[in-house]
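Here the structure is laid out as structure tokens; the discussion comes afterwards.
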Amino acid sequence: MKFKRVFLIVLDSLGVGEAIDASNYGDTGASTLGNINKTVDLFIPNLKKLGFLNTLNMNVNEETEGYYTIARPTNKGKDTLSGHYEIAGVRCQYAFPTFPNGFPMDLIEEIEKTVKRKVIGNVAASGTEIIKTLGERQLQTGELIIYTSADSVLQVAAHENVIPLEELYEICEKIRNIVNTNDNWRVGRVIARPFIGTNSEDFKRTSSRRDFALDPPSKSILEKLEEKKLSVISIGKIYDIFNGRGITKKITSSSNKDGVDKLLDIMDKKFTGLCFANLNDFDTLYGHRRDVAGYAEAIEQLDVEVPMILNKLNNDDLLIITADHGNDPTFKGTDHTRENTPVLIYSRIFKEPKMLPIMNTFADIGATIAENFEIDMPMIGTSYLKELK
């Protein structure tokens, strides 16, 4: 075992340029980091030292303090599940269904019959906008606001005073079971979206969101680490993405800053294994909302926190920073974008950090972690562990 602890951070949606097959997804020209940097001229000196900006063109940085490269997506789709699955060494041969025109009526009728509540909405919409439009009605009637997005998700919004959290979670579990019965309905995630407030002017979603995901189609490195009695600590929505499979400790977070704070706390603990964190604000608050300035500010805020993360690393720790897909805020629409992702790798013991060869799949990250902890290698991916010197 070369590294006793590995900290894997996913900057949700922070892609670095169109993937080879981007044209198949209508994403030619997308580059989340590249187009933000062209628009704002990011000030990120700490990430720059790790080779972050060099991942845009894969140019040589002889002063880099870490290894850097890009990873190419190979799983179908460009959603949260397929990206995270691939990072963890899971092949996903199919794209999860999306519903740009709303869900079929036979599904809606089955939901109403099962949960004993009427459904309103049933459109593709912004989560913040739909509660402005339908929130007062939901507050008065107790109906369920069901909506989707460009992702493979079925989202259920309800006011916490009308449908308490535990009841909302139970409803979402029942809906998860319903959609699992039909391949045409089997969305990647059913998401509970509670909100609070008194009227359409002050309704806001709470941090009690919960995702009910499909089980991964095969064992990820997380389950293999757990089987070897190693720690697998999740921060943010990682637990929900993998439906709890392979997670030994679950830590929730309400924002990027809260996620980093939770990470810093965990870094003070003694454990052997993986800490897997997702920073979701990039995607949810800025990518989907096409907020370039907000996205740029979030990247710069992360840069301020990078030294704190690096300072807490022990000599036998490894830090990997990557992403799961793109969500270019300068691009058309509000959907994810099919992009390569950055891979930044840092340890105090590195003597000759440099640019690494391009990773042909996100799963090379999982394979590297697997070799380090001497567990069975994932079905896909090539380890880069021997490259890290």
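Within the range 335-363, restricting attention to residues that are under 17 Å from the mean Cα position of the chain (by Cα) and acidic (D, E), which residue is surrounded by the most Cβ atoms within 10 Å (Cβ to Cβ)?
Within the range 335-363, the first condition is being under 17 Å from the mean Cα position of the chain (by Cα), and the residues that meet it are 335-344, 361-363.
Then keep just the ones that are acidic (D, E); that gives 335, 339.
Numbers: D335: 24, E339: 31.
The selected residue is E339.
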Discussion item. If I filter the range 27-71 down to residues being of a type in the set (D, E, K, R) and closer than 26 Å to S347 by Cβ, which single residue comes out as surrounded by the fewest Cβ atoms within 10 Å (Cβ to Cβ)?
Written reply: E62
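Which of the residues spanning the range 178-200 are over 18 Å from P217 (Cβ atoms) and without any contact (Cβ under 8 Å) to a residue 60 or more places away in the chain? Can you show your working first?
Of the residues in the range 178-200, the ones over 18 Å from P217 (Cβ atoms) are 178, 191-200.
If the condition is that a residue be over 18 Å from P217 (Cβ atoms) and without any contact (Cβ under 8 Å) to a residue 60 or more places away in the chain, then I191, A192, P194, I196, T198 are the ones that fit.
Can you find a residue that is assigned to a strand (DSSP E or B), of a type in the set (G, A, S) and in contact with a strand residue (DSSP E or B) (Cβ under 8 Å, 6 or more places away or on another chain) anywhere in the range 198-209? Steps first, please.
Initially, the range 198-209 is screened for residues assigned to a strand (DSSP E or B), giving 204-205.
With of a type in the set (G, A, S) added as a condition, the list becomes none.
So far as the range 198-209 goes, no, none of its residues is assigned to a strand (DSSP E or B), of a type in the set (G, A, S) and in contact with a strand residue (DSSP E or B) (Cβ under 8 Å, 6 or more places away or on another chain).
FYI, it's all coordinate maths here, none of it is from the lab. Quick caveat, the model's predicted, so the values are computed rather than measured. For neighbour counting, all protein chains shown are included, and Cβ atoms are generated from backbone atoms with ideal geometry for every residue, glycine included.
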